[in-house]
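The values are calculated or read from the model by the stated rules, or taken from the named source; none is laboratory data. All values derive from a computational prediction rather than experimental measurement. Because the Cβ atoms are built from the backbone with ideal geometry, glycine has one as well, and the counts that use them run over all protein chains shown.
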Amino acid sequence: MRQTIARLQSSKHKIKIRNTRAHMDMNDAHPSQRYLAETEYLNYSHPALQTLIRRVTEDFGNDVDRAVALHDFVRDQVEFGFTPAFYDVTASDVLLSRQGFCNPKATLLTALLRGARIPARQRFFGLSSEVLAGVIDPGSRFVDHAIVEVWLDDRWVRTDSYNVDAELFDAGASYLDRTLGFGIRRDGSTRWDGNGDSFSQYHPDYVVRDFGVYDDVGKFYRDAPKPYNRQNWLSRLCAKPTTSKANGRIRALKLSGQSVA
């Protein structure tokens, strides 16, 4: 069945969001070994990840260039989309499926960076669910959203510009008459040079909560106070048809061929 794409227009009822934390908590002036550690989800010693890290970074001599190369791999070679497991996947799972949304893609990128001996961590937010309008209905006003913070040139640099590739970003933006939707923020970016922050989805204006840094996505959903999208038996039961429809919408959007001038 052919999917059709409806243009998303500005909502009549704008969401008024109060940021519960006025600034990013960047108190770790120097990264500890915690941000190089392997975890259950950040399983960078997996042979497939080790092979990939060597292949992607072997031509680059500094951490900034290696980090950007890994970012670009996750952006371009892991399709934005959803698997029935949603967020409950390891880095090697994401690499095998070549599919994921913000949290799985953050899991993979963080694992790749740590495996390349570049300190990295995941910070989680409550972000307006309007960013997913036209793709999937998460059933909540806000969604749990991860960004990756990377230690480069003696400071933390933040990004989620790996979430969608340029083709999907341009197609989504061409249908948007508002800021958020189709998995993107229209004034965001898919490019990151490692020298500053870059985001395709996150923006503080659309954040209601800063949950802080967690060791991995599993730790977040075990310990975070009232996350928005923790899975239960019902969400797991509905996962396959829900994700299939969402992925169909994403494919239809990319096939539309529209782009932003």
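Tabulated data for the structure shown
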item: Counted residues, segment 184-201 - those being of a type outside the set (A, V, I, L, M) and touching a Phe, Trp or Tyr at 6+ places or on another chain (Cβ under 6 Å); result: 3
item: Subset of segment 68-92 [surrounded by fewer than 19 Cβ atoms within 10 Å (Cβ to Cβ) and touching an Asp or Glu at 6+ places or on another chain (Cβ under 7 Å)]; result: 76
item: Candidate set: segment 200-223, residues that are farther than 16 Å from residue 38 by Cα and among the aromatic types (Phe, Trp, Tyr); chosen: the one surrounded by the fewest Cβ atoms within 10 Å (Cβ to Cβ); result: 221
item: Where a residue in segment 108-125 is over 13 Å from residue 53 (Cβ atoms) and touching a residue at least 60 places away in the same chain (Cβ under 8 Å) and its partner, wherever it lies, is in a strand (DSSP E or B) and among the small types (Gly, Ala, Ser), with Cβ under 6 Å and at least six apart; result: 122/146; 124/146
item: Helices (runs of 4 or more DSSP H) completely within segment 32-149 that count 2 or more residues being over 18 Å from residue 163 (Cα atoms) and of a type outside the set (Gly, Ala, Ser); result: 47-57, 63-77
item: Check on residue 253, in contact with a strand residue (DSSP E or B) (Cβ under 6 Å, 6 or more places away or on another chain), surrounded by 15 or more Cβ atoms within 10 Å (Cβ to Cβ) and at pLDDT below 95; result: no
item: For residue 48: the one exception among (1) surrounded by 14 or more Cβ atoms within 10 Å (Cβ to Cβ); (2) hydrophobic (A, V, I, L, M, F, W, C); (3) touching a residue at least 24 places away in the same chain (Cβ under 8 Å); result: (1)
item: Residue match in segment 199-207 (condition: at pLDDT 95 or above, more than 19 Å from residue 139 (Cβ to Cβ) and part of a helix (DSSP H, G or I)); result: yes
item: Identity of the residue in segment 25-45, surrounded by 15 or more Cβ atoms within 10 Å (Cβ to Cβ) and in contact with a strand residue (DSSP E or B) (Cβ under 8 Å, 6 or more places away or on another chain), that ends up modelled with the lowest pLDDT; result: 28
item: Among the residues listed as 65, 137, the single one being of a type outside the set (S, T, N, Q), more than 15 Å from the chain's Cα centre (by Cα), farther than 24 Å from residue 182 by Cβ and surrounded by fewer than 23 Cβ atoms within 10 Å (Cβ to Cβ); result: 65
